[in-house]
Every structure is written in C-alpha cells, then in structure tokens.
Amino acid sequence: MSQVLGKDKPTARYEQVKLYITEQIETGKWGIGHRLPSESELVEQLGVSRMTVHRALRELTAEGVVTRAQGVGTFVAEPAQRVELLELRDIADDILSNGHVHSTRIITLDTIRADSDLATAFGQRPGARLYHSIIVHYEDDTPLQVEERFVSSHFAPDYLEQDFSQTHPHRHLSAIARPEEIEHVVFAVTPSLDICQLLELDEPEACLQLMRRTWVDGRVVMKGIFTYSGSRYSFVGRYRP
C-alpha cells in the first residue's frame, strides 16, 4: 500500500484506496473509459481487504468518478457537468421575496442512531446520536419542498426544542455558527410514495433533490436532503468566471 501512505494522506484504508484511484485518473494514467483493475487485483496490488476495496469503489461510484457494470467491470466515468450553487438560502426567504405566503408542516422531529451511511457522511461511528427532522414548506397552499435534516446533537443540542413553525432549521443552525464549508449535489429523482404524498402530487413526476452537507470546525454538523417538484421549482447559480 506504499503508493498512498504518507503523513499528509488519509489514515482510513478505504480513503487511501480512493486516493490511489483518483490520483491515477487525475494524472491521466487512467483516462475516461479505462477499465480499472478488478476488486481481486486491487486487493492484491494494494494489500488491503476486499471489503475495503468494495467500499472505496462504492463511494467513487456514488461520487460519479467511476461507473460499474455488473459482470463487466469498473470504468473511469466521464466527468458530469456540475453547477455550483453559490448561495446558502432559506426557502422561506425565497417564498416571501416573491410575494407569497410561507408556512410549514412538521412531519418528524426526533432522535435517531446513525446507520452506516449516515455515520460515513458525518465521520462518526455507526450508532452515533443524531437529530432528525422532516418539514414540508408551503408557498401559499402548495407544498414546495420536503426538507429532511440530520443534525449533530453536539453542534445543536437544543435542536428538538425549537418551534420550527416559527424559526426554521436553516435560521436556527446559522445562528449557532455559519458553515465553513458546504457541499451541494443535485439529482433528478423519481419520488417515493411518501414524497409524492407530502408534495401532494397527483401522479409521480420527476423531482429535484438537493443533498447538502455543512462543516463547522472541520466537522460535518448537518446533512440535508431537500426534495422539490420539478414542475414547481428550479435552481439558479450565478457566478463570475
């Protein structure tokens, strides 16, 4: 595993495997469409477990770095076009600025234990305590956004005590500390039955889903999943190149 070890390198084995693969891509050694070594070959080359390699490839696939074809192999993906969403805005402000009435419906406000995916997202151990909320935001009488948040209980210890019909999660968390780093990823998704019901969609339609993570003091403090009807909402990013 000497290719990726070093004082300035990540210590987690799967992160080292990810770094090794991305370095081969970034240096041009592995171009777009290049077939990666198999999991067994990477295990032998890098001296790690198959589980470690599998996790690294799974995360790189989710990040769009590689694509995997069952029974065929793993290939370097063509970079997807990405638009940076520059502003971190409260949907209530957007609705009010357009001259409409904003209201909310609280669906869930509770404590959960992080599963493996959430633990990875927060850099914590599975079973770590997180606060969880689901809120529907309305523009006049039309549901515009389903907001699901997972929040570090250490960062916002009184999160569950808030009246989010009056002060919204975005405002509450921003009042504690403004994020130092923000990650935005946007997907087009087919909504689940629960989302269709919350957005009051008569028939399933393509929805936009924004996934956001925010960092304070170098730690992930919030992961949010924000789902919008594709016919009711759009994202706009403006920047000076």
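Near A128: Cβ cut-off under 11 Å, other residues only, Lys/Arg at +1 and Asp/Glu at -1. The net charge is +2.
In a shell of Cβ-Cβ distance under 11 Å around R219, excluding R219 itself, what net charge do Lys and Arg (+1) and Asp and Glu (-1) give?
Details: positive: R213; negative: E180, E181, D217.
Surrounding charge for R219 is -2.
Each Cα pair under 8 Å and six or more residues apart adds its sequence gap; the mean of these over the residue count of segment 91-229 is a relative contact order of 23 percent.
Across segment 206-213, rounded Karplus estimates of 3J(HN,Hα) from the backbone phi angles (6.51 cos²θ - 1.76 cosθ + 1.60, θ = phi - 60°) give 4, 10, 9, 10, 9, 9, 10, 10 Hz, Gly and Pro being marked x.
Whole-Hz Karplus values for segment 176-189 come out as 6, 6, 6, x, 8, 8, 9, 10, 10, 9, 10, 10, 9, 10 Hz, taken residue by residue from phi with 6.51 cos²θ - 1.76 cosθ + 1.60 and θ = phi - 60°; glycine and proline positions read x.
If we sort 37-50, 123-136 on the protection proxy, mean other Cβ atoms within 10 Å, highest first, what's the order? Each step should come with its number before you reach the end.
Numbers: 37-50: 14.6, 123-136: 16.3.
Result, highest mean first: 123-136, 37-50.
How large, in Å, is segment 91-229 by the Kirkwood hydrodynamic radius built from its alpha-carbon pairs? Don't jump to the answer; show the numbers that get you there.
On the way: mean 1/r = 0.0638 Å⁻¹.
Hydrodynamic radius (Kirkwood, Cα pairs) of segment 91-229 is 15.7 Å.
Please report S192, S97 as a ranked list, fewest other C-beta atoms within 10 angstrom at the top and most at the bottom. Walk me through the numbers before you get to the answer.
Details: S192 12, S97 9.
Ordered by Cβ neighbours within 10 Å, fewest first: S97, S192.
Arrange W215, W30 by Cβ neighbour counts within 10 Å, fewest through most, would you?
Working: W215 15, W30 19.
Placing the least packed residue first, the sequence is W215, W30.
For the chain, adding -39500 (n - 2.57) for each run of n ≥ 4 DSSP H residues and dividing by the number of residues yields -7500 deg cm²/dmol at 222 nm. Read through the labelled values (i) 26.2; (ii) 18.0; (iii) 20.2 and report the label of the one computed as Kirkwood radius over Cα pairs in Å from the structure. Looking at Kirkwood radius over Cα pairs in Å for this model, the match is (iii).
The dipole here belongs to the chain: it is taken about the Cα centre, uses +1 on the Cβ of Lys and Arg and -1 on the Cβ of Asp and Glu, and is about 1080 debye.
Read-outs throughout are calculated quantities, based only on the coordinates presented, and are distinct from any laboratory measurement. What you see is a predicted model; the values in this text were computed from it and never measured. Please note: Cβ atoms are built from the backbone with ideal geometry, for glycine as well, and neighbour counts cover all protein chains shown.
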